[in-house]
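The structure appears below as structure tokens.
Derivation of every value follows stated rules applied to the coordinates shown; laboratory data play no part. Just so it is clear, the structure is predicted and the values come from calculations on it, not from any experiment. Cβ sites come from the backbone with ideal geometry, for glycine too, and all protein chains shown count toward neighbours.
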Amino acid sequence: MNKRWNIKEIKAFVEKNSDSKLLSTEYHGFSQKLLFKCACGNNFEKTFTKFNTKNQRKCEVCQPLKVPHSE
């Protein structure tokens, strides 16, 4: 069974595991996009699932999204 996160736990996770800062003050579920501030100063939105399990912990400038290679 998956862990149910709350906003305090997410904030603590973000502070411990990244240079980003959580700006959102409410969490309503895994599909909700949360607002973060990257270490460079840019704000960005990610779901906590992507932040947590996909290691997408920076803005798109500091960590560009991978573009699939087309052959």
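Among the listed values (1) 24, 11, 7; (2) 21, 16, 10; (3) 24, 13, 10, the one matching semi-axes √(5λ) of the Cα gyration tensor in Å as calculated from this structure is (2).
Rounded to the nearest whole Hz, the Karplus-based 3J(HN,Hα) values (6.51 cos²θ - 1.76 cosθ + 1.60, θ = phi - 60°) of the range 16-25 follow the sequence 7, 10, 7, 8, 7, 10, 7, 9, 5, 10, with x at glycine and proline. Projecting the Cα atoms of THR25, VAL61, THR47 onto the dipole axis of the chain, where Lys and Arg carry +1 and Asp and Glu carry -1 at the beta carbon, places THR25 farthest toward the positive end.
Under 5 Å from the amide H of LEU35 lie the amide H atoms of LEU23, SER24, each residue being 5 or more positions distant or on a separate chain, with H modelled from the backbone and absent for Pro and chain starts. Across the range 48-61, rounded Karplus estimates of 3J(HN,Hα) from the backbone phi angles (6.51 cos²θ - 1.76 cosθ + 1.60, θ = phi - 60°) give 5, 4, 5, 4, 7, 8, 9, 6, 8, 10, 9, 6, 5, 6 Hz, Gly and Pro being marked x. Rounded to the nearest 0.05, the FRET efficiency derived from the C-beta distance between ASN55 and LYS8 at R0 = 35 Å is 0.95.
Sum -39500 (n - 2.57) across every DSSP H segment of at least 4 residues in the chain, then divide by the residue count to get the 222 nm mean residue ellipticity, nearest 500.
Value at 222 nm, helices only: -6500 deg cm²/dmol.
Sequence gap at least 6, Cα distance under 8 Å: using those rules, report the relative contact order of the chain to the nearest whole percent. This gives 21 percent for the chain.
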